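Reading through the structure tokens given below for one structure.
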Amino acid sequence: MTNPIPALRGHSLLTLDDLTDAEMLALIDFAEMLKVEKARRSLRAEHRLAGRNVALVFEKSSTRTRCAAMVAAHDEGAHAEYLGKSDIHFGRKESVADSARVLGRMFDGILFRGFKHSTVETLAKVAGVPVWNGLTDDAHPTQILADLQAMKQYFGMLKGLKVAYVGDGRNNVAHSLMHGCAKAGVDVTVCAPPELSPGSAALALAQAAAKRNGSRVAVAADPRTGVLGANVLYTDVWVSMGEESQFAERLKLLRPYQIDMNLVRATGNLENGRVMFLHCLPAFHNHDTDVTREIGALEVTDDVFEAPFSKVFDQAENRMHTIKAMMVSSLT
Ligand code: CP
Ligand code: NVA
């Protein structure tokens, strides 16, 4: 199978706005094909990125994004080089722009995870090779490709579904999810306290996409009414990387937004099997982390996280298929 989306050849993905609605949906379908292909173990015949090199530049820690990119590149015959915060001069002894130009001379593509969104923009502007955003403070576009793939796997279609995101409505995942859902014709309601409501620019971008696709973007302060009719309940951590000093304040604001079985029932879709739970992970759903040892579950209760309708590990696996789809469509 060759690249089914040749229009993306040479393209970067900094936000979902870098894809047309049709390209985004085609990438999700390509990822599903790659999943089937991997299951059939026909990888040796399909080294689409043989001889290529990709740099993984990470300022923040990661389990899924890093491993997804490493395995995706390896499956396609490419070499992936992980460059962590203290491995390269990037922005410390050398400007981001200078490091980017060096990386662009040596690598065929760069996946970046970090803090300021302007850093990934600089990379894309000067590196001369495709740059992919593996999460910045503002956006997490590759996550949303995997999320939409998980929804399509569960329901068989996307258009017409209703997603309720519950929690920190102004973080990278919430903003990209609103946008991705709207681009796919999926209704999305962000349930968040007014202090953590989506940013106005992100909301306007999602609303414009929803208008094109006949879907709806809404914001609700009350989670009980906001989740009514939802097919997908989605949450993320209450404190994103880099915001650790706000932990106590966030707990106070977001306690009423924990997803528990009562909230799942409030969708009205538990009995008819038309609801699923998603979380980009990592998640605080029990006592088994350093953060939750004393206080227990935060954004989701353990019974919801472990329920049969929770598809968080399908979603995590999809990170690999979607990042692979993105690398192959950008580089071949
Ligand atoms: N969901 C996600 O991006 O996970 P990591 O932080 O482990 O990469
Ligand atoms: N909003 C979270 C997502 C982690 C994948 C963060 O930025 O830490």
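Return the tail of the calculated pair distribution for the range 3-85, meaning the percent of Cα-Cα pairs more than 20 Å apart. The proportion of pairs with Cα distances above 20 Å equals 43 percent. Computed extension gain for MET33 through ASN3, at 0.36 nm per residue and net of the alpha carbon distance, reaches 9.7 nm.
In units of the compact-protein estimate 2.2 N^0.38 Å, the range 57-122 shows a Cα radius of gyration of 1.11.
For the range 194-211, the Karplus equation 6.51 cos²θ - 1.76 cosθ + 1.60, evaluated at θ = phi - 60°, returns couplings of x, 5, 10, 6, x, x, 5, 5, 5, 5, 5, 5, 5, 5, 5, 5, 5, 4 Hz by residue, with Gly and Pro reported as x.
Across every direction, the projection of the convex hull enclosing the Cα atoms of the range 114-257 has a mean area of 9.0 nm². Per residue of the chain, the DSSP helices (runs of n ≥ 4 H) give a summed -39500 (n - 2.57) that works out to -12500 deg cm²/dmol at 222 nm. The spacing between the range 252-267 and the range 309-330, judged by their C-alpha centroids, is 27 Å. Cross-link partners for LYS38 among the lysines, with Cα-Cα distance under 18 Å and sequence neighbours closer than 8 places in the same chain left out: LYS324. Given in Å, the Rg to one decimal and the Dmax to the nearest whole number for the Cα atoms of the chain are 19.2, 58.
Using the average count of surrounding beta-carbon atoms within 10 Å as a protection proxy, the listed peptides 226-236, 206-216 rank, highest first, as 226-236, 206-216. Checking the a/c ratio against 1.5 first, then a/b against b/c, what shape does the Cα gyration tensor give for the range 202-329? Note, shape of the range 202-329 comes out rounded. Structural descriptor for the range 135-203: relative contact order 35 percent, calculated from alpha carbon pairs under 8 angstrom and at least 6 residues apart.
Please compare each pair in LYS35/LYS252; LYS35/LYS125; LYS35/LYS183 to a cut-off of 29 Å on the Cα-Cα distance and tell me which ones are over it.
Values: LYS35/LYS252 41 Å; LYS35/LYS125 32 Å; LYS35/LYS183 23 Å.
Flagged as over cut-off: LYS35/LYS252; LYS35/LYS125.
Of the peptides 251-261, 165-175, 112-122, 284-294, the ranking by mean beta-carbon count within 10 Å, highest at the top, reads 165-175, 112-122, 251-261, 284-294. Full extension of the chain segment joining GLU81 with ALA208 gains 41.9 nm, where the gain is 0.36 nm per residue of separation less the Cα-Cα distance.
Every number here is computed from the coordinates shown, using simple stated rules; none is lab data. Note that the structure is predicted; figures quoted are calculated from it, not measured. Cβ atoms come from the backbone with ideal geometry, glycine included; neighbour counts cover every protein chain shown.
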